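To start, the structure itself, in structure tokens.
The values are calculated or read from the model by the stated rules, or taken from the named source; none is laboratory data. Model, not experiment: these values are computed from the prediction. Note that we place each Cβ from the backbone using ideal geometry, even for glycine, and neighbour counts take in every protein chain shown.
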Amino acid sequence: MERNTEIELRLLIEAIYLKYSYDFRDYSGASIKRRVNHALNQFECKTISALQERVLHDPAAFMQLLQLLTIPVSEMFRDPAHFLAIRQEVVPLLRTYPSIKIWIAGCSTGEEVYSMAILLREEGLLERTIIYATDINPRSLEKAKQGIFSLENIRAYTRNYQQAGGQSSFADYYTAAYDYAIFDKSLRDNVTFADHSLATDSVFSETQLISCRNVLIYFNKKLQDRAFGLFHDSLCHRGFLVLGSKETPDFSSYGKQFEPLVKQERIYRKT
Amino acid sequence: MKTGSLSHAPASRVEAIVIGASAGGVEALLSIFGTLGSGFALPIIVVLHLPEQRRSQLVEVIARRVAMPVVEAQDKAVIESGTLYLAAPGYHLSVEQDRSLSLSLEERLHYSRPAIDYLFESAADAYGPALLAVLLTGANQDGARGLAQVKRLGGLTVVQDPAEAQVATMPDAALALQQPDYILTLHGIGRLLVELEGTSC
């Protein structure tokens, strides 16, 4: 990388950490660099140093930059086979707990949360479950709380839902209004949305299942290890960890602390 | 610019090869890889555009026809010499500064994820002049910008001869943006890789 770019990137990330306590220092560099470059265009800044000055002195500008630094790409029942495997392999075991706590780490705008809630309701478990849905981006959390998604994606979500073993009509879970699908708010009766960073915060509860999908790929090995450590500490004996389709604890320091339950679908269990 | 002749083999030491291909890419890749022996020592990292829907059989297809080890590129994997890495469908593939691989789900670029531009630009950042980038047949503009960045950071650039490419759009787009070090046929690209590997050891 060009030396100046490398220096400026590091300084920007350090400035964000010192000023706003958002810690991107151990994120994967290639993707961060692309997003910062994209931000330069949006902010019409010539250099990363100029962007740094801007966000250091203007919290509103930082909040705008945060939207570009995080990746709010999500969908409901993404990788349907993953949710089908949760239904078939994990739910029968979850059922044995009198009460269930689930942590959805890096929940972004909430698609994973509503998918999980729908699955649990159909399995009769939602009422005795508490879901903690956490993210570092307050605007994403706000969207997640509202549970309003663009209608143009609903057809794809419906297909996912059916392939994931959905037992009802997907339309039962939302009301269409103009271009939006407003999801049944009782789905989030037992959901607590909270600000939490896998980079800087600690464990807040004992859980039976943690879902953290397509979050760890943005972390370097050191930060991945920290996250796996938090998950390990939070999960109860034999608790479940479910990851994104290209994520695994195998190469982390916690490789031996988790064993695959359904390897292909990235469903693991604490050993 | 050299066309075809390998008499000016570069003195700089190539440490990694990145290749981008789209429509017509499988055949083109097989044609190039067929010329490489099992002891080929450099790492090769490939982005080939494929439909995202189903699990890709590409690793098996390529592995059957190539002497060197072929794997799907895994997040955080350290790049090993003599290994052929294929990007997983649905995820962007990048090279980190410590020469490991990383995956991401940023928006599609040129309707593509993985995007060739992202692989080339990040690999240029990690390898600088020690990178060789090869852009093959394809029906869109992906890879042109990445190839220009490889050249800007001192790496070697190769574009498949558009006259030979199954679909010339991608090579043409790259040529419109910058003059590569070589414009070669698939046969010539295979020979170049073998020759560069010779100078790298």
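Only residues that are outside any loop (DSSP other than H, G, I, E, B), more than 10 Å from chain A (Cβ to nearest Cβ) and out of contact with any helix residue (DSSP H, G or I) (no Cβ under 6 Å at 6 or more places or on another chain): list them for segment B:68-115, please.
First, pick out the residues of segment B:68-115 that are outside any loop (DSSP other than H, G, I, E, B): B:70-72, B:78, B:84-86, B:92-95, B:100-104, B:109, B:112.
Retained after the next criterion (residues that are more than 10 Å from chain A (Cβ to nearest Cβ)): B:70-71, B:84-86, B:112.
Within segment B:68-115, B:71, B:84, B:85, B:112 qualify.
Going through B:71, B:95, B:46 one at a time, which residue ends up being touching a strand residue (DSSP E or B) at 6+ places or on another chain (Cβ under 9 Å), among the hydrophobic types (A, V, I, L, M, F, W, C) and more than 24 Å from residue A:32 (Cα to Cα)?
Working: B:95 fails: more than 24 Å from residue A:32 (Cα to Cα); B:46 fails: more than 24 Å from residue A:32 (Cα to Cα).
Result: B:71 is the single residue among B:71, B:95, B:46 that is touching a strand residue (DSSP E or B) at 6+ places or on another chain (Cβ under 9 Å), among the hydrophobic types (A, V, I, L, M, F, W, C) and more than 24 Å from residue A:32 (Cα to Cα).
Only one of (1) without any contact (Cβ under 8 Å) to a residue 40 or more places away in the chain; (2) touching a Ser or Thr at 6+ places or on another chain (Cβ under 8 Å) is not met by residue B:63, so which one is it?
Unmet condition: (2).
Which of the following residues is modelled with pLDDT of 95 or more, surrounded by fewer than 19 Cβ atoms within 10 Å (Cβ to Cβ), in the same structural domain as residue A:190 (by TED's automatic domain parsing) and touching a Ser or Thr at 6+ places or on another chain (Cβ under 7 Å): A:122, A:142, A:112?
The match here is A:122.
Report yes if some residue within segment A:91-111 is within 14 Å of chain B (Cβ to nearest Cβ), within 27 Å of residue B:127 (Cα to Cα) and not hydrophobic (A, V, I, L, M, F, W, C); otherwise report no. Please lay out each step first, then the result.
Narrowing segment A:91-111 to residues within 14 Å of chain B (Cβ to nearest Cβ): A:106, A:108-109, A:111.
In the following step, the residues that additionally are within 27 Å of residue B:127 (Cα to Cα) were identified as none.
Scanning segment A:91-111, I find no residue that is within 14 Å of chain B (Cβ to nearest Cβ), within 27 Å of residue B:127 (Cα to Cα) and not hydrophobic (A, V, I, L, M, F, W, C), so the answer is no.
Go through segment A:63-99 and report how many residues are under 30 Å from residue A:21 (Cα atoms) and assigned to a helix (DSSP H, G or I).
Step one: list which residues in segment A:63-99 are under 30 Å from residue A:21 (Cα atoms), which gives A:63-75.
From the residues that got through so far, the ones that are assigned to a helix (DSSP H, G or I) too are A:63-69.
Within segment A:63-99, residues that are under 30 Å from residue A:21 (Cα atoms) and assigned to a helix (DSSP H, G or I) number 7.
Report every pair of residues separated by at least 6 positions or lying on different chains whose Cβ atoms are under 8 Å apart, first residue within segment B:152-167 and within 14 Å of another protein chain (Cβ to nearest Cβ), second in a strand (DSSP E or B).
Listed pairs, sorted by first residue: B:153/B:131; B:155/B:131; B:155/B:132; B:155/B:133.
Within segment A:79-105, can you find the residues that are of a type in the set (Gly, Ala, Ser) and either touching a strand residue (DSSP E or B) at 6+ places or on another chain (Cβ under 6 Å) or without any contact (Cβ under 8 Å) to a residue 12 or more places away in the chain (or both)? Give the steps one after another, and end with the answer.
So the first thing to find is which residues in segment A:79-105 are of a type in the set (Gly, Ala, Ser), and the list is A:81, A:85, A:99, A:105.
A:85, A:105 - these are the residues of segment A:79-105 that are of a type in the set (Gly, Ala, Ser) and either touching a strand residue (DSSP E or B) at 6+ places or on another chain (Cβ under 6 Å) or without any contact (Cβ under 8 Å) to a residue 12 or more places away in the chain (or both).
Taking residue B:172 as the residue in question, decide whether it is part of a helix (DSSP H, G or I) and free of Cβ contacts under 8 Å to residues at least 12 places away in the same chain.
Details: part of a helix (DSSP H, G or I): yes; free of Cβ contacts under 8 Å to residues at least 12 places away in the same chain: yes.
So residue B:172 passes the test.
When the residues of segment A:3-58 are filtered to those that are hydrophobic (A, V, I, L, M, F, W, C) and not in a helix (DSSP H, G or I), which remaining residue is nearest to the other protein chains (Cβ to nearest Cβ)? Give the steps one after another, and end with the answer.
Kept after step one, since they are hydrophobic (A, V, I, L, M, F, W, C), are these residues of segment A:3-58: A:7, A:9, A:11-13, A:15-16, A:18, A:24, A:30, A:32, A:36, A:39-40, A:43, A:45, A:48, A:50-51, A:55-56.
Adding the requirement that they be not in a helix (DSSP H, G or I) leaves A:24, A:45.
Working: A:24: 14, A:45: 19 Å.
Result: A:24.
In segment B:116-144, which residues are in a helix (DSSP H, G or I) and either away from every other protein chain (no Cβ under 12 Å) or without any contact (Cβ under 8 Å) to a residue 12 or more places away in the chain (or both)? Spell out how you get there, then give the answer.
Start the filter on segment B:116-144 by keeping residues that are in a helix (DSSP H, G or I), which leaves B:116-130, B:144.
Of everything in segment B:116-144, those that are in a helix (DSSP H, G or I) and either away from every other protein chain (no Cβ under 12 Å) or without any contact (Cβ under 8 Å) to a residue 12 or more places away in the chain (or both) turn out to be B:116, B:129, B:130, B:144.
What is the number of the single condition among (1) under 27 Å from residue B:94 (Cα atoms); (2) touching a helix residue (DSSP H, G or I) at 6+ places or on another chain (Cβ under 6 Å) that residue A:230 does not meet?
Checking residue A:230 against (1) under 27 Å from residue B:94 (Cα atoms); (2) touching a helix residue (DSSP H, G or I) at 6+ places or on another chain (Cβ under 6 Å), the one that fails is (2).
With respect to the numbered conditions (1) touching a residue at least 24 places away in the same chain (Cβ under 8 Å); (2) more than 21 Å from residue B:187 (Cβ to Cβ); (3) loosely packed, with under 13 Cβ neighbours inside 10 Å, which one is the sole condition not fulfilled by residue B:56?
So residue B:56 meets the others, but not (3).
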